[in-house]
1. Past the 31 angstrom mark, what percentage of all C-alpha to C-alpha distances in the chain do you count?
2. Once the Cα atoms of helix 24-38 and of the chain are each reduced to a long axis, what angle between those two axes, in degrees from 0 to 90 to the nearest 10, is obtained?
3. Compute the signed sum of charges (Lys and Arg +1, Asp and Glu -1) over the other residues within less than 9 Å, Cβ to Cβ, of residue 147.
4. Count charges around residue 105 for me, please; just the other residues with Cβ under 11 Å from its Cβ, Lys/Arg as +1, Asp/Glu as -1.
5. Of the DSSP beta bridges with both residues in the chain, give the percent that are antiparallel, rounding to the nearest 5.
6. For the chain, what is the calculated [θ] at 222 nm in deg cm²/dmol (nearest 500), taking -39500 (n - 2.57) for each run of four or more DSSP H residues and dividing by its residue count?
7. Highest GNM mean-square fluctuation, the chain, Cα pairs closer than 10 Å: which of 207, 269, 286?
8. Can you compute the charge dipole magnitude of region 132-273 about its Cα centre, using +1 on each Lys and Arg Cβ and -1 on each Asp and Glu Cβ, nothing else charged? Give it in debye, rounded to the nearest 20.
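Only the coordinates and a few stated rules stand behind these numbers; no lab work does. Keep in mind that this is a model prediction, so the values were computed, not measured. Please note: Cβ atoms are built from the backbone with ideal geometry, for glycine as well, and neighbour counts cover all protein chains shown.
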Amino acid sequence: MTPSSPPPDRRTVAVTLGDPRGIGPEVAFHAVDKLAREAPTARFIFVGPEELLRKAPPSHPTIAVERWDGSEAGAGRVSALAIEEAVRRAMAGEVGAVVTAPVHKPALHRAGWHVPGQTELLRDLTGATVVGMLMAAETTPLGGPLRVLLATTHLALREVPSAVTGELLREQASLLHASLRSDWGMPAPRLALCALNPHASDQGLFGDEEERVLAPAVALLRAGGVDISPPLPADTVFGRALAGAFDAVVAPYHDVGMAAFKTVSFGAGVNVTLGLPFIRTSPDHGTAFDLAPFPGRADPASMEQALRLALRLAKTRFDSGMGHV
């Protein structure tokens, strides 16, 4: 989209079907059927391979990319082509949100898309300068919502300390702050920064990253108007967020954030890509190849939440006229 483009149709959602061997198509069809009843003014468009679209609920439009040839590389190809087509529609303003079913990363690689995952693919397709992976559970069994931004994503653990730089933390926290304002409608978001080391290093006993990297990043963020905590120990920060002390947590690496998030939200969490010119969400689970041969066993709850949140965020962003962050 360009500044002169018409505003996106925030009531229309493109839903990609993901890897055809997984549960993505099944949960997408079930979830859209349910959401169409909850939100009768919304419009959902399925995007995927021809043969799967024949099973789609007939009341919803479809866009076929091509046929799946039955191979793993072919599965990766139709998964990626569906995402590319959905992005084209979003960039043209035809849809306000894209919801993507799970893909299989090795299949993407076999098909020639050498990206770590959908977040990076979406970044490349849109030309976004900075993107973020936010895991969002707007309701949890423990009460409040839990939103966790993963400052680093799919990295080997040994690579994390050198990847967690002050620049990265400032970039990701600023993006989170702006996204909570534009898409969640929060005028003054309260962020927490999860420490890298045990007990936030206990004044240097267990590493020096908190003092050397994290604290200076916090100081600069605060000077720029971002409300963010000092580095807080991982064993308490998520509980405090659930109790309402913070609107979101910045986690320094994938598993420290995901372990806490999925413990309280598994099956109902949503992956949100921040920094795109449209809303993108996805369920928080994978392809579940083991469940795919048994129709009816896959739980569509996370896909339902992804659709609900996509509609809500698109309405907030585009009705406010704030555009993309």
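1. Working: 15795 of 52650 pairs.
Looking at the chain, the distances longer than 31 Å represent 30 percent of pairs.
2. Between helix and principal axis, roughly 90 degrees.
3. Working: positive: none; negative: 138, 247.
With Lys, Arg at +1 and Asp, Glu at -1, the net is -2.
4. Working: positive: 110; negative: 19, 120.
Residues near residue 105 contribute -1 overall.
5. On the way: 14 of 39 bridges.
Approximately 35 percent, going by the DSSP bridge assignments.
6. Dividing the helical sum by the residues of the chain leaves -12000 deg cm²/dmol.
7. Maximum fluctuation in the GNM of the chain, among the listed residues, is at 207.
8. Numbers: 9 positive and 14 negative charges, 62 e Å.
Its charge dipole is roughly 300 debye.
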